[in-house]
Amino acid sequence: MILDRVIDKIGDWNPQIFRELKQRLTAKNIGLTAGGSALSQGFVWFYFNNQLPILDPYSKEFVNINYCLKSNIKPTDGSYRDPICPLDAIGNPMIDWQEWWSDIFTALSWMLPLGLILGTVYLLVADLVQEEKRGTLNFIRLSPQSAQKIFIGKILGVPSLVYLAAALMLPFHLGAGITAGASISLLSGWYVTIGAIWLLLSSAAVTYALLGGVQAILTVMSVAYPVGIPLLLINNYAKNTIDLNQYDLASALKSPIRWFWLPVTSTALWMDALIIGTCIVSTYWVWQALERRYLNPTATAIGKLQSYQINLCLSIFLAGFTTFGRANYGYKYQEMLAILMLSHFIMLFLQIPALLPSKQVLQDWSRYRGVTSSRRKFWQQDLVFNDKSPALLAIAINLGMAVVLWVTISLLSSSGLYLVKFVAAIGLGTSLILIYAAIAHLSLFINFKQRNIALVGILGATMSLPIAVAWILTGGKSATGIAGILLLFSPFAPAGIANLSGMPIFTAFVSQLAIFGVLTYSLERKLQIIGRSQTKELLDPN
């Protein structure tokens, strides 16, 4: 068969793709996929076809006037009914076909990428989880193929039927876009943007599975909302570019949001360029984590030096949106500044599990430090760059970079009480993340069979307990007094800051530093005990 010869040719380039395609591209699977894709396209066609104006032959009135050409013709009887649908010379309703095709294009612009991306993520996670359970992933590690070839083969081969379904839908989507009036440059930008998002999330799905991710359906549910945000942006800009009559594009062009000096929200192509660039840089770092974890399953997801580089990229990216200040966001600038800062600190919080070594790695490092390491080397090198050492100092360095960035931005753009509260939020956010990082380290020494679940539970309880108690004290109303102080020890600290004066906020900050000091001392003592006992076993096995 021609298909077999094509697969064999692909197998010469990448044996992993050959393995995946041979398993999945059977005549039965291809037929079912083609039938499902045709059925979904037929559903879209019939749905929008039923939305066209229908003339009731008995009442001589239209059942609906969807997609009628705009008309100011009023009913002849002088009633206040809606304008009737205009008719052509032979009595048929005059249809705004461009609007009709535009809506079909928009519907397909949601169906196509969501089916492609979510289907890819589900199949990749499910496949790698099964490979891990069967032990075949370790067997693949023994092959001479590079990590890039293996996982490119996985990404291109495992969801191959999803790609086939998307390819069969592509002509309908492309035809709808062209008929609606979309330019080739607009459609090209849309397809490249979807490709960039697909590549990022496919790579992230493989990395997540290698890090121990399970339950593919839960992964898809957690991905569905975040992926909807860039889709909403590019689909809105694409439709607004096509349907100029439905969108006041001029108002958007007067003061577009700029990233540094680039007007990234002025046109669909600029928005596409921003998303594509972000996806390319993010994909690069995801692949760094993927290769690292593949080559060493016990390694942390990212190295400490990599975390500094990632944080630098993130800082530059977020700082770009603050360049023009109020010219970008007008009276909502302070709210957008808070959202950007919060996004940065959330990403830094997510670095905790990515940098956290395993208990065994910490034991080995502590023993090594006790036998050979000088204290100067310990402080100057191990905690800053050694991936096998505790990650507290590395997390603190990343937080310090973020603090310098956001304090500088707030000093340049704010003043008065808002500046004080903004700086207080930065300080409290920093100390809270350090506390959570210290708790995560200490949780490694708790004897639980399901250590990851225990870690999530402990951190979840630490973050949610102050919120729950504050809600009970206030009955869900604005948090003041003790309830507001409790919120300062939770991720909802900004809500507490808004309703408290300076002294309680300062006291809470000092208390958080004291808590962090106690936790750090406890961690150091734990490491000393483990290192001492491990060293004793090494030097005196009897």
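Residue by residue through segment 87-143, note down the ones that are within 19 Å of the chain's Cα centre (by Cα), open to solvent by 30 Å² or more (accessible area, probe 1.4 Å) and not hydrophobic (A, V, I, L, M, F, W, C). Passing the criteria: Gly115, Tyr122. Comparison of Leu340, Leu318, Leu362, Leu348 shows that the only residue that is surrounded by 14 or more Cβ atoms within 10 Å (Cβ to Cβ) and in contact with a His (Cβ under 7 Å, 6 or more places away or on another chain) is Leu318. Can you spot a residue in segment 500-511 that is open to solvent by 50 Å² or more (accessible area, probe 1.4 Å) and over 24 Å from Gly416 (Cβ atoms)? The answer is no, given that none of the residues of segment 500-511 is open to solvent by 50 Å² or more (accessible area, probe 1.4 Å) and over 24 Å from Gly416 (Cβ atoms).
In segment 375-415, the residue that is modelled with the lowest pLDDT out of those that are open to solvent by less than 60 Å² (accessible area, probe 1.4 Å) and not in a helix (DSSP H, G or I) is Ser414.
Look at segment 38-86 and say how many of its residues are modelled with pLDDT of 75 or more, in contact with a Pro (Cβ under 8 Å, 6 or more places away or on another chain) and open to solvent by 70 Å² or more (accessible area, probe 1.4 Å). Residues flagged as modelled with pLDDT of 75 or more, in contact with a Pro (Cβ under 8 Å, 6 or more places away or on another chain) and open to solvent by 70 Å² or more (accessible area, probe 1.4 Å) within segment 38-86 amount to 0. Restricting the first member to segment 330-355 and to residues that are closer than 25 Å to Gly213 by Cβ, and the second to residues that are charged (D, E, K, R) and in a helix (DSSP H, G or I), the beta-carbon pairs closer than 9 Å and six or more apart or on different chains are Leu355/Lys304. Only one entry in Pro491, Pro466 is over 21 Å from Phe422 (Cβ atoms) and at pLDDT 80 or above, namely Pro466. Among residues of segment 159-214 being in contact (Cβ under 8 Å) with a residue 60 or more places away in the chain and not in a helix (DSSP H, G or I), the one that is farthest from Leu290 (Cα to Cα) is Gly181.
The values are calculated or read from the model by the stated rules, or taken from the named source; none is laboratory data. Please read all numbers here as calculations on a predicted model, not as lab measurements. Methodologically, a virtual Cβ is constructed for each residue, glycine included, from the backbone with ideal geometry; neighbour enumeration extends over all protein chains shown. Areas reflect the complete protein model, heavy atoms only, side chains present, ligands, DNA and RNA absent. Shrake-Rupley method; radii C 1.70, N 1.55, O 1.52, S 1.80 Å.
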